[in-house]
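Enquirer: To start, I am sharing the structure in question, which I have written as structure tokens.
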Amino acid sequence: MTVGLTHIIVLSTALFFIGMFGLFTRRNMITMLMSIELLLNSVNINFVAFNKYLYPAKMDGVFFSVFIITVAAAEAAVAIAIIINLYRTHKSIDVDDVADLKQ
Amino acid sequence: MMKELLYHITAFKSLPLGEVGGAALWIILLPLANFILLGLGKKYLKNMAGVLSTVLLFIAVVIALSIAYHYFFIDGKQNGVYQTITICQAHWLSLSPTMNVELGIQLDALSVMMLVVVTFISSMVHLFSLGYMKGEERYANYFAYLGLFTFSMLGLVAATNLLQLYMCWELVGVSSYLLIGFYFEKPSAVAAAKKAFIVTRFADLGLLIGILILSFNTGSFDFQTVIQSLTNTQSSSFISITASSFLGMSTLTWGLILIFIGGAGKSAMLPLHIWLPDAMEGPTPVSALIHAATMVVAGVFLVAKLFAVFAIDVTALQLVGYVGSASALFAAIIACTQTDIKRVLAYSTMSQIGYMMFALGVSKYGGEEGLGYSAALFHLFTHAFFKSLLFLCAGAVIHLVHSNEMKDMGGLRKLMPVTHIAFLIACLAIAGVPPFAGFFSKEEILSATYKNNKGIYILALFTSAVTAFYMFRLYFSIFWNKSFDNHHHEHHGEGTITMKLPLLILMLCAAAVGFIPFSEFISSDNHPFHSAIHIGFSILPVVLGLCGITLAAFLYFKQNDRPDKIVNSIQVLYKTAYRKFYVDELYLFITKKIIFNGIAKPAAWIDKNIVDSCMNGVASITTTISATIKNMQSGKVQQYALYFFAGVAVLLMAVLYVWK
């Protein structure tokens, strides 16, 4: 059995929804951050797969995923900095404990 | 800024009046300076305020007299016609490229005469007020208001255009309001001030609309342009304004009638006269200045200023004549029954202004036919002197007696000899007894009326007899009748020299100004003409006047029960006249019962129930919606993310299935 485009899209969709599920259900901010990484990576998989199967002569999709990985790294750094600061002020990394935004 | 301003003031044109012409500006600026100085510096001036403003006013009088001298005797006349001279003009507003509004001073025979009258009477009143208002708490305020009034009245009579006239017209209204309500701790004074302001303001609406009609059709506010284009029957504006009509009268007639309504409001003509008697709540010198000699004749001035146009329109001029004669008689009858001496004088003022109005109303334009015009302004001139004298005398009497009621007076001739003589001469003047001022002006009015309208002539004759009667009723009641009950008053004489001096000066004027050959200075088309008194013609009015005086002497010279008997025999008539023919009640009925119930109440209901509930509805809908959706802003990041993803999903569906 060869691995076709459909298989990969199913994988990335599953990954996307797993990430979304994690993002909505986990209260731990680190876990939520990890879920976001899952979301981003499912997108990466899509880009690489479409590039390989549909336009093998081009490299656009690969470049896009490289960009996304870079941005994701930066985003993770910022997010962790925020989480650390929140922990210092609130003594907690539970997302429900920091509902200060509504004020 | 200053440079720009100066740029806009057109340089004084080459003036035929020479050096003096430029000084006309100072006549107007001095009272304004007085108002500003006293208004801002009243804390520091205190008792100096009166002296300062009196001195400034006297300077203005000197300038006004010298301008009048130059105008009438040296260089105002060219080829036998008095010229209209624009002294200065400052550009104020550009309404359109062709329609500009200027502020400035324009002198013609009428304006010069009014400048003299206003400054002169005002200076006399200032002088009198020095003593009369002494010790008053708001002494400086009083003189500041007088300054404001004098400034605006002078601006009115020297106006170059209708809009400037209208502005000054409103300003005199404001100063009149301030001065009527000067004793604002008295509720009646406050009510009187409000009444005067509202009634005249209501009439001024007519004036404004009239001005707009005339200016819209002629394309200018300027007096000369308006008069020229409306008297030239070939001009396009004349043709267009007479061609269009509304309710059977041409636009020109409507415009003139509306302007006359404004004038009638200010001049207390029927039926807009109700404010004048109440305006007597103000200090008495103010009544002499504003409500007898100057402001109330503004309506006459207005009609006279636009007389060339009025003369073309028979309907409007007839209205002026009939309203004037009706007011003259109506007010004279009421004056016979009033007991407050100032109210008697107020009704007498209204009656005399009625005289001036109908003299204008019966007049024609040009030459000897314009006798009524000259006579009206002659009467305005003489009336200013003797009526302000009467009011100042009344002020002196009130100062002594501390009451306005006739029954508190009597036998004052020994206590106040100067006032007595002055009052007597003024009464003789107003009754038309030769050789005092009123005789000459009244004769001219009567002969002009006799020529043009017999009906009004008969009314005028009767009115003049009634006038003589009520004036001497006043005179005998104040100075003769019973002896003055002196024991409960500390007798402080007639007052200071500053109170006597104006009485003496005005007394001389009231006796002498009748000899001025007035029609040689003021005439409808500015062509001087000679008018002679016809002895034969004047016998009838003089005899009627003497009859009135004799009747008054018979009833009021000594205390007796004849007046009461007469009152009892014509009780209904007397009561009707005493209650001023129920005009006030009629106004109250119309305003309180009809306008209040018919218009104000429904309007209030609509406001409360429909307008307000619309507003409340919008407000409550907003509150409900925001209360519902405010829970969405929970501060929980995950909820926000959910909304975001839901939004993306909805958008995706829309793109996929709806817009494809």
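The values are calculated or read from the model by the stated rules, or taken from the named source; none is laboratory data. Here the structure is a predicted model, which is why all the values come from computation and not from measurement. All Cβ positions, even for glycine, are placed from backbone atoms using ideal geometry, and neighbour counts span all protein chains on display. What goes into the accessible areas is simple: the full protein's heavy atoms, side chains included, and nothing from ligands, DNA or RNA. Shrake-Rupley method; radii C 1.70, N 1.55, O 1.52, S 1.80 Å.
Enquirer: With a 10 Å radius around each residue's Cβ, average the other Cβ atoms per peptide and rank B:382-391, B:85-94, B:122-131, highest first. Could the numbers behind the result be given before it?
Expert: Values: B:382-391: 29.3, B:85-94: 16.9, B:122-131: 26.8.
Sorting B:382-391, B:85-94, B:122-131 by mean packing, highest first, produces B:382-391, B:122-131, B:85-94.
Enquirer: For the ranges B:602-614, A:12-24, what's the packing order if you count other beta-carbon atoms within 10 Å of each residue, average per peptide, and put the highest first? Before the final figure, lay out each step's value.
Expert: Numbers: B:602-614: 10.5, A:12-24: 16.3.
Top to bottom by mean Cβ count within 10 Å: A:12-24, B:602-614.
Enquirer: Then there's this: Between segment B:438-488 and segment A:58-103, what is the separation of their alpha carbon centroids in Å?
Expert: If we compute the Cα centre of each part, the gap is 103 Å.
Enquirer: Could you give the angle, 0 to 90 degrees to the nearest 10, between helix B:437-452's Cα long axis and the longest principal axis of the Cα atoms of chain B?
Expert: 70
Enquirer: In debye, nearest 20, what is the charge dipole magnitude of chain B about its Cα centre with +1 on Lys and Arg Cβ and -1 on Asp and Glu Cβ, if you could check? Don't skip to the answer; put the middle values down first.
Expert: Details: 40 positive and 32 negative charges, 297 e Å.
The calculation lands at about 1420 debye.
Enquirer: Could you pull out every one of the lysines with an alpha carbon less than 16 Å from that of residue B:575, ignoring same-chain neighbours closer than 8 positions?
Expert: Within the straight-line limit of under 16 Å, residue B:575 reaches these lysines: B:565.
Enquirer: In square angstrom and rounded to 100, what buried accessible area do you get between chains A and B, total over both, with the probe at 1.4 Å? Mind dumping the intermediate values first?
Expert: On the way: alone 7400 and 28740 Å², together 35160 Å².
When A and B are taken together, about 1000 Å² of accessible area is lost.
Enquirer: What is segment A:5-99 by shape, rounded, prolate or oblate, if you read a ≥ b ≥ c off the alpha carbon gyration tensor as root eigenvalues and call it rounded for a/c under 1.5, prolate for a/b larger than b/c, and oblate otherwise?
Expert: Working: a/c = 6.12, a/b = 2.06, b/c = 2.96.
Oblate shape, in that a/c is at least 1.5 and b/c is the bigger or equal ratio.
Enquirer: Give B:42/B:500; B:266/B:364; B:407/B:500; B:194/B:387; B:42/B:195; B:266/B:608 a once-over and call out the pairs whose C-alpha atoms are over 32 Å from each other. Numbers along the way, then the final one.
Expert: Working: B:42/B:500 27 Å; B:266/B:364 24 Å; B:407/B:500 24 Å; B:194/B:387 25 Å; B:42/B:195 29 Å; B:266/B:608 37 Å.
Check vs 32 Å cut-off fails for B:266/B:608.
Enquirer: Which of the aspartates and glutamates could be linked to residue B:451 by a straight reach, that is with a Cα gap under 18 Å, when you skip same-chain ones fewer than 8 residues away?
Expert: Counting by Cα, and skipping residues close in sequence, residue B:451 has these aspartates and glutamates nearby: B:368, B:369, B:443.
Enquirer: While we're on this one: Once you order the gyration tensor axes a ≥ b ≥ c over the Cα atoms, which shape class does segment B:500-611 get: rounded for a/c under 1.5, otherwise prolate or oblate by comparing a/b with b/c? Provide the component values of the computation, followed by the final result.
Expert: Details: a/c = 2.84, a/b = 1.52, b/c = 1.87.
Here segment B:500-611 falls in the oblate category.
Enquirer: Follow-up. Excluding residues fewer than 8 places away in the same chain, name every one of the lysines whose C-alpha is closer than 24 Å to that of residue B:636.
Expert: A:91, A:102
Enquirer: Ignoring ligands, DNA and RNA, what percent of the 1.4 Å accessible area of chain B is carbon and sulfur? Walk me through the intermediate numbers first.
Expert: Details: 19490 of 28210 Å².
Carbon and sulfur: 69 percent of the exposed surface of chain B.
Enquirer: Segment B:358-430 to segment B:615-660: how many Å between their Cα centroids?
Expert: Between the Cα centre of segment B:358-430 and that of segment B:615-660, the gap is 83 Å.
Enquirer: Mean-square fluctuation check for chain A, GNM, Cα pairs under 10 Å: which of A:81, A:57, A:72 is largest?
Expert: A:57
Enquirer: Assign unit charges at the C-beta atoms only (+1 for Lys and Arg, -1 for Asp and Glu), then state the dipole size of segment B:257-396 relative to its Cα centre in Debye, rounded to the nearest 20.
Expert: Details: 6 positive and 6 negative charges, 24 e Å.
In total the dipole reaches around 120 debye.
Enquirer: Separate question: Once the dipole of the protein assembly as shown is set up with Lys and Arg at +1 and Asp and Glu at -1 on Cβ about the Cα centre, which of B:508, B:295, B:477 lies farthest towards its positive end?
Expert: Final value for the positive-end residue is B:477.
Enquirer: Can you tell me the relative contact order of chain B? Whole percent, Cα pairs under 8 Å, sequence separation 6 or more. Intermediate results must be reported in sequence, preceding the final value.
Expert: Values: 1060 pairs, mean separation 76.0, N = 660.
Dividing the mean separation by the residue count of chain B yields 12 percent.
Enquirer: Is there a quick way to get the dipole size of the protein assembly as shown? I mean about its Cα centre, with the Cβ of Lys and Arg at +1 and of Asp and Glu at -1; what is the value in debye to the nearest 20?
Expert: 1260
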